[in-house]
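Every number here is computed from the coordinates shown, using simple stated rules; none is lab data. What you are looking at is a predicted structure, and each value in this text was computed from that prediction instead of being measured. All Cβ positions, glycine included, derive from the backbone under ideal geometry; neighbour counts span all protein chains shown.
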Amino acid sequence: MAMNPMAQFEVKPLVSLHIGGYDVSFTNQALWMFIVAGAASLFFYAAATRKSLVPSRMQSMAELSYEFVSDMIHSAAGEAGLQFFPLIFTIFTFVLFSNVLGLIPGSFTVTSHIAVTFALAAVVVLTVIVTGFLKHGIGFLKLFVPKAPIYLLFLLVPIEIVSFLTRPVSLSVRLFANMLAGHTMLKVFAAFVIALGATLVTPKPWFAPLAIAPMFLIVAITALEILVALLQAYVFAILTCIYLNEALHLHEHH
């Protein structure tokens, strides 16, 4: 089971609990979501309570992340988008910490499960819909009517509606698939290293040095996965900003 690259994604109950016929057990996935939330909270709390004229590395990282998300929202959604800073910053931080902590051996990557990523995407899209109707009323439906000749609207309006409705799927699958593929690849190459290294105690020990190749690949893939973890958090956040910009300004800033 340890050599199975998909075993790392298995959700296991830690505390079995059933209420009204429903399984509401506390799982390893729930545990790691608490760990992610706790780690992020402790990081920003420690950074905020250790203020100094010459900022420490932790304070600098916290300030840079704050400014990074603020600038991203301002550039993608304008001044009006800054009202959603708490939501976007929370999503960005949760996805980032989930991705990075998931690279620790023996950990659990919560963003490798589409149930988690779809829930985040659903929150984003519901926020967009509610914001759009609160700001524009029924005029929010103009979002699905692009500027085009009337005879093309019969084709374009359904396409716009379908495109909008598939946003939660595309947003969640993008993050889920990248995390799933990267961690699976790491596990596969790790199995190669173990299998080739084990040949030292077999009648054919000359295969053992071949373990060096997949080991170097693991290092390279891990570096790539760190980059992907950062990039996917950014992509999720910037798409959230873009969707909110549409709800705030409709076609004005397209």
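Summary value for region 1-150: 19 percent relative contact order, contacts being C-alpha pairs under 8 angstrom separated by 6+ residues.
In percent, how large is the relative contact order of the chain, given Cα pairs closer than 8 Å and 6 or more residues apart?
Values: 256 pairs, mean separation 63.4, N = 254.
Rounded, it is 25 percent for the chain.
Computed over the alpha-carbon pairs of region 66-197, the distance histogram in 5 Å steps reads 2, 9, 13, 15, 16, 14, 11, 8, 5, 4, 2, 1, 1, 0 percent, short to long.
For region 2-84, calculate the relative contact order in percent as a whole number, restricting contacts to Cα pairs under 8 Å that are 6 or more residues apart.
Details: 42 pairs, mean separation 11.6, N = 83.
Computed value for region 2-84: 14 percent relative contact order.
Span-like helix criteria (full DSSP H runs; alpha carbon extent of at least 20 Å along the helix axis; mean Kyte-Doolittle hydropathy of at least 1.0) are satisfied in the chain by 28-49, 85-101, 114-136, 150-165, 167-197, 212-249. Exposure proxy shown here: for 57, 50, 174, the number of other Cβ atoms within 10 Å sets the order, fewest to most, as 57, 50, 174.
Going by the alpha-carbon gyration tensor, a ≥ b ≥ c the square roots of its eigenvalues, is region 85-151 rounded (a/c under 1.5) or, if a/c is not under 1.5, prolate (a/b greater than b/c) versus oblate? Prolate, because a/c is 1.5 or more and a/b exceeds b/c. Every helix of 4 or more DSSP H residues in the chain counts as -39500 (n - 2.57), and over all residues that averages to -23500 deg cm²/dmol at 222 nm. Translational diffusion of the chain was estimated from the Stokes-Einstein equation, with Rh taken as the Kirkwood radius over Cα pairs; at 25 °C and 0.890 mPa s the coefficient is 116 µm²/s. For region 1-135, a/c is not less than 1.5, where a ≥ b ≥ c are the root eigenvalues of the C-alpha gyration tensor, and a/b does not top b/c. That puts it in the oblate class. Projecting the Cα positions of 75, 49, 9 onto the charge dipole of region 1-76 (unit charges on Cβ atoms of Lys, Arg, Asp and Glu, taken about the Cα centre) puts 49 furthest along the positive direction. Sorting 187, 142, 147 by the number of Cβ atoms found within 10 Å of their own Cβ, with the fewest placed first, yields 147, 142, 187. From least to most packed, judged by other beta carbons within 10 angstrom and beginning with the fewest, 239, 120 follow the order 239, 120.
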